[in-house]
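Visitor: Structure below; questions to follow.
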Amino acid sequence: MTEDFYRRIDGVREPDPTLGKNIRRLRRPAVEPVALPVIPAPEPEPQVKPKRQRVVLADPRQPTTSLRARVELEEQTSWGELLIKDLVKAQFRTGMWLAALVVVVLGSLPLAFYLAPAFASASVIGVPLAWLLLGVLPFPLLFGAGLWYNRLAERHERDFVDMIEN
């Protein structure tokens with residue numbers, strides 16, 4: 001490149017201010033406007049209204065008991081209270097039934113020992129059978145009854161929730 005593209009300022013070359021710019025754009029030749037032919041606008045088509053569509057947000061055949069039951073429970077109305085009382089009654093009945101079963105099993109042991117003295121005097125590995133049955137049997141029996149009650153109570157609650165949601 002030659003020296004006329006750059007100017008020297010204190011020994012440092014400064015680039016040309018038009019460097020990188022489109023020079024043709026800077027030096028536009030004068031262009032005369034050209035008249036474009038006039039094209040007539042097309043005739044507007046007659047406006048046809050679109051057919052109305054019905055928007056359905058929920059199926060009207062769906063039972064509304066789910067929403068109603070939830071509202072009844074949240075607002076603690078008399079019907080919601082009745083639903084809760086029914087759940088509590090079902091769980092109470094289950095608890096009473098299992099408690100009666102435990103009382104019958106554990107209560108029948110002293111009666112069995114009284115009515116069958118040979119059964120009371122039996123021993124296992126030198127330990128009287130009565131001591132084993134009255135000292136060891138209640139713990140796994142109570143644990144099993146508690147586990148059984150827990151499963152039945154959870155089943156009652158699942159049934160309750162299914163009834164509310166459906």
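So that you can scan it fast, the table gives a plain yes or no per residue for (1) without any contact (Cβ under 8 Å) to a residue 60 or more places away in the chain; (2) among the charged types (D, E, K, R); (3) touching a helix residue (DSSP H, G or I) at 6+ places or on another chain (Cβ under 8 Å):
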| site | (1), (2), (3) |
| --- | --- |
| I84 | yes, no, yes |
| L101 | yes, no, yes |
| V124 | yes, no, yes |
| G135 | yes, no, no |
| L147 | yes, no, no |
| H156 | no, no, yes |
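Visitor: Check L115 against each of (1) surrounded by fewer than 11 Cβ atoms within 10 Å (Cβ to Cβ); (2) touching a helix residue (DSSP H, G or I) at 6+ places or on another chain (Cβ under 8 Å) and name the one condition it does not meet.
Guide: With (1) surrounded by fewer than 11 Cβ atoms within 10 Å (Cβ to Cβ); (2) touching a helix residue (DSSP H, G or I) at 6+ places or on another chain (Cβ under 8 Å) applied to L115, the lone miss is (2).
Visitor: Which members of region 126-153 meet the condition of being within 56 Å of the chain's Cα centre (by Cα) and assigned to a loop (DSSP other than H, G, I, E, B)?
Guide: V136, L137 - these are the residues of region 126-153 that are within 56 Å of the chain's Cα centre (by Cα) and assigned to a loop (DSSP other than H, G, I, E, B).
Visitor: Within region 39-58, can one find any residue that is at pLDDT 75 or above and not in a loop (DSSP other than H, G, I, E, B)?
Guide: no
Visitor: Residue check, K89 against (1) at pLDDT below 85; (2) surrounded by fewer than 12 Cβ atoms within 10 Å (Cβ to Cβ); (3) closer than 30 Å to V161 by Cβ, all met but one. Which one?
Guide: Among (1) at pLDDT below 85; (2) surrounded by fewer than 12 Cβ atoms within 10 Å (Cβ to Cβ); (3) closer than 30 Å to V161 by Cβ, the lone unmet condition for K89 is (1).
Visitor: Follow-up. Can you tell me which residues in region 129-147 are among the aromatic types (F, W, Y) and under 16 Å from A112 (Cα atoms)?
Guide: Taking region 129-147 first, the residues among the aromatic types (F, W, Y) are 131, 139, 143.
Scanning region 129-147 gives a single hit, W131.
Visitor: Could you pull out the residue among A69, A118, A130 that is modelled with pLDDT under 80 and not β-branched (V, I, T)? If you could, list the steps in order and put the result at the bottom.
Guide: On the way: A118 fails: modelled with pLDDT under 80; A130 fails: modelled with pLDDT under 80.
When all the criteria are applied, what remains is A69.
Visitor: Would it be correct to say that E32 is in a loop (DSSP other than H, G, I, E, B), modelled with pLDDT of 80 or more and farther than 30 Å from E157 by Cα?
Guide: For E32, the condition - in a loop (DSSP other than H, G, I, E, B), modelled with pLDDT of 80 or more and farther than 30 Å from E157 by Cα - is not met.
The values are calculated or read from the model by the stated rules, or taken from the named source; none is laboratory data. Just so it is clear, the model here is predicted, and its values are computed rather than measured. Positions of Cβ are generated from backbone atoms using ideal geometry, with glycine treated the same way; all protein chains shown enter the neighbour counts.
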